[in-house]
Amino acid sequence: MPLDILAQIAIGGVLIGGLYALFAFGLSLIYGVARILNFSHGTLLAIAGVLASILYGALGASPLALVAIITGLALAFFLFGWGFHDLLLAPLKRRNHFEASVGTVLTTVGALIVIGDVAATLAGPRPRNIPLRSDVIEIGDVLIPVSQAWMLAGIALLTVVLQLVLTRSWYGRAVRAVTQDHVGATICGVRSRAIHGITFGLGTALAAIAGVLYAMVYPVDPYTGFSLTVKAFTIIVLGGIGNLVGALAAGLFLGVAEAFTAFFWAPEWAPALSITLLLIILVAFPNGFGNTRKA
């Protein structure tokens, strides 16, 4: 096997892995802070991709329009996520643990179905994408699309910014306080419900950004979200819940693994890889990588 072919496969896997990681960031934050498994997370990404494709065609194919679309959708999805949490999910926390957990799963799964069906009715079920023209960087026989290279660099920069926000800002300190001791943080004046709502909104906004970038690479329709949610679960389990750097590394690993699986085996087996990895991780490390202890 020529090395340039292997390098081309690896680069393609790294590019899509970066998108997986960005998508998983939001789910990792939401579960790490609010302890909510948002099964509608992937559907929100798909809807953002569909909306971005429609807006891109309406506003004109230009980089400025794309920046405006990403900014607008991120803000709109942030507000939607905050409202969704406060109106539908926060009241469930008054119930006991079992009822709250089951209610959260039913609510987010119901949102997955409703949002997908409404989007398919309004925008149609056909796949959409953002036809972005891009130059190519040639390194020998290896081709790297410039737009995807900038995309990966932006994801890495966003990872650093989010990590700094979570470790150096007041919001980050409040998040850690609420995560470690909900009652103690409330006594100290931290509004836990507001922190949970902001975090849910931030995670939803990250899903929207990832949806726009995903539509620049792959076609997306309102019903493609659930498989992406499974990938995000795999990434946060592999990289560690709340660990953004670990999620980035896990996303890159999953992207490269899928690329080589599709090339050497069959493309239809690549999506099954995330489920297989998730099952192996849950069986081999039932307490997670970061929580394993010696007996």
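The values are calculated or read from the model by the stated rules, or taken from the named source; none is laboratory data. None of the values given here were measured: they were computed from a predicted structure. Here the Cβ is made from the backbone with ideal geometry for all residues, glycine too, and neighbour counts use every protein chain on show. Protein only, heavy atoms only, side chains kept; ligands, DNA and RNA dropped before computing areas. Shrake-Rupley method; radii C 1.70, N 1.55, O 1.52, S 1.80 Å.
Points to keep in mind about this one:
- Checked across region 172-183, the condition of being at pLDDT 80 or above and more than 20 Å from T204 (Cα to Cα) holds for at least one residue.
- Once region 110-127 is narrowed to residues that are open to solvent by less than 40 Å² (accessible area, probe 1.4 Å) and free of Cβ contacts under 8 Å to residues at least 12 places away in the same chain, the residue that is nearest to the chain's Cα centre (by Cα) is G110.
- The one condition in (1) open to solvent by 30 Å² or more (accessible area, probe 1.4 Å); (2) in contact (Cβ under 8 Å) with a residue 60 or more places away in the chain; (3) more than 18 Å from L152 (Cβ to Cβ) that V237 fails to fulfil: (2)
- Here region 93-137 is the region considered, the condition is being outside any loop (DSSP other than H, G, I, E, B) and touching a strand residue (DSSP E or B) at 6+ places or on another chain (Cβ under 8 Å), and the residue that is farthest from I54 (Cα to Cα) is I137.
For (1) under 30 Å from S134 (Cα atoms); (2) at pLDDT 95 or above; (3) open to solvent by less than 60 Å² (accessible area, probe 1.4 Å), each residue gets a yes or a no:
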{"site": "L59", "(1), (2), (3)": "yes, no, no"}
{"site": "P63", "(1), (2), (3)": "yes, no, no"}
{"site": "I70", "(1), (2), (3)": "yes, no, yes"}
{"site": "F77", "(1), (2), (3)": "yes, yes, yes"}
{"site": "L92", "(1), (2), (3)": "no, no, yes"}
{"site": "E99", "(1), (2), (3)": "no, no, no"}
{"site": "G103", "(1), (2), (3)": "no, no, yes"}
{"site": "T108", "(1), (2), (3)": "no, no, yes"}
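- Candidate set: region 4-37, residues that are touching a helix residue (DSSP H, G or I) at 6+ places or on another chain (Cβ under 8 Å) and assigned to a loop (DSSP other than H, G, I, E, B); chosen: the one surrounded by the fewest Cβ atoms within 10 Å (Cβ to Cβ): L37
- Any hit, region 38-54, residues being over 25 Å from A257 (Cβ atoms) and surrounded by fewer than 21 Cβ atoms within 10 Å (Cβ to Cβ): yes
- Residue ID - nearest to A21 (Cα to Cα), chosen from residues in region 154-165 that are open to solvent by less than 30 Å² (accessible area, probe 1.4 Å) and not hydroxyl-bearing (S, T, Y): I155
- Residues located in region 170-201, provided they are aromatic (F, W, Y) and open to solvent by 30 Å² or more (accessible area, probe 1.4 Å): W170, Y171
- For region 178-200, residues that are more than 15 Å from I30 (Cα to Cα) and of a type in the set (A, V, I, L, M) total 4.
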